[in-house]
Every structure is written in structure tokens, then in C-alpha cells.
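Report on one structure; see the data block that follows.
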Amino acid sequence: MTQLIHLLTTFNPSTFVISVGYIGIASILFAESGILLGIFLPGDSLLFAAGLLSAQGMFNPFLLFIISAVAAIAGDSTGYWIGKRGGTALLHKYPKLIKKEYITRTELFYARWGGYTIILARFVPIIRTIVPTLAGVGKMNYTKFVRYNILGGILWVSLIIMISYALGNYIPGIQHYLIPLTFIIILISFIPFLFRFIKQRLQ
């Protein structure tokens, strides 16, 4: 327990992102984008941190964008084929990790937005990991899926990197506040879930 507390209090996001490098960033984004066991990996905050650090010269922003976009798109495509081959049973194989409510929310997302779900889900944690698998389970046309997947992956990666890169350039020393910034990003990402929770409570 003492070691865990020490790890949490001394953890430096900047050092972690720099140490994992391009390969580590790509691996995490790949897993979080479509591999169900990567459902809680920190895709948004990782990209944001990498974008900030690229403004400090730690990463090449263009190379970071290319590698991240390819990893995210490949992750979604892998998730699609996992769903197509594994079927509905696959989504219920890990009930403690992939709760039924997550699947229900994703299905509602699909019902409302159709194919655009592939794009919009990129910006919603948890749902973005389940969406490609659900698309495969539902036998969504792969060509159609790929179009939405590429557009969504490019939009997600480019927006986060551009925003964080701009902040890194205009606010000196902002990389030293990555921990509170990470928490803010996580909170913002979960706003849709918070609104839904409040709405359900009020009904």
C-alpha cells in the first residue's frame, strides 16, 4: 500500500509519455481504440500529454499525428473484425470489465446516430472502445465502416494534438501541470455520462 501511494504521489506523466515513446503511444491508442481489454486505457490524456510535449520539442508533431492516427484507425478496424468473428457473446465474455450498461449505452448511441457513431464515439471514453466491435457484431458494411473510421480517427487525433500543441506553445511551463490537466480532460470526457446519470435520476 505504501509503495502504491509513493507511486501515485511521485508519478510524472511527462516522464512516462517520453519513456514509452512513439511505439508506446501507438500501442496504447491501438488497444484503447478497439481491443475490449483496453477499455480503460487513457487515450485522450495520453494524446494531450504527447501534444504538449511535442510543443517542447520532445516529439515531432507531424510524426506523432501520423503514428497516432494509424494506430487509432488500425485499433478500430481490429475491433470490427473481432466483433464480426466473435459475435454478441464476445461482448458479454468479461461482464466485470465490459458492463451491460456500457453495451446498452453504445447501442443507444448507434440507434441515434447510425454510421456517424463511428466518428462521434471517438470523443467518448469507453463507448469508443465498444463501438467498432458492435459494428462488427451487427455486420456493418466494412467499406462504410472504414470511411467513418478513417475520418473519425483523423479528427480525434488531430484535434487533441493541435489543441495541446497550441497550449504548449502559448502557455510556458504548462507541461508541469499535466496531472491536474489530465483529471480535467477525464472529467470533460465523462460529461455525457454525467448528464445521462442526472437525467435518469430526475425521471
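Maximal additional length on extending the residue 85-residue 70 stretch stands at 3.2 nm, based on 0.36 nm per residue less the C-alpha distance. Placing R0 at 25 angstrom, the Cβ-Cβ distance between residue 62 and residue 146 gives a FRET efficiency of 0.60 after rounding to 0.05. Computed extension gain for residue 101 through residue 139, at 0.36 nm per residue and net of the alpha carbon distance, reaches 11.5 nm.
Here, each number is a calculation from the coordinates, and none is a lab measurement. The structure presented is a predicted model; accordingly, all values stated were derived computationally and were not measured. Ideal geometry is used to build each Cβ from the backbone, glycine not excepted, and the neighbour counts take in all protein chains shown.
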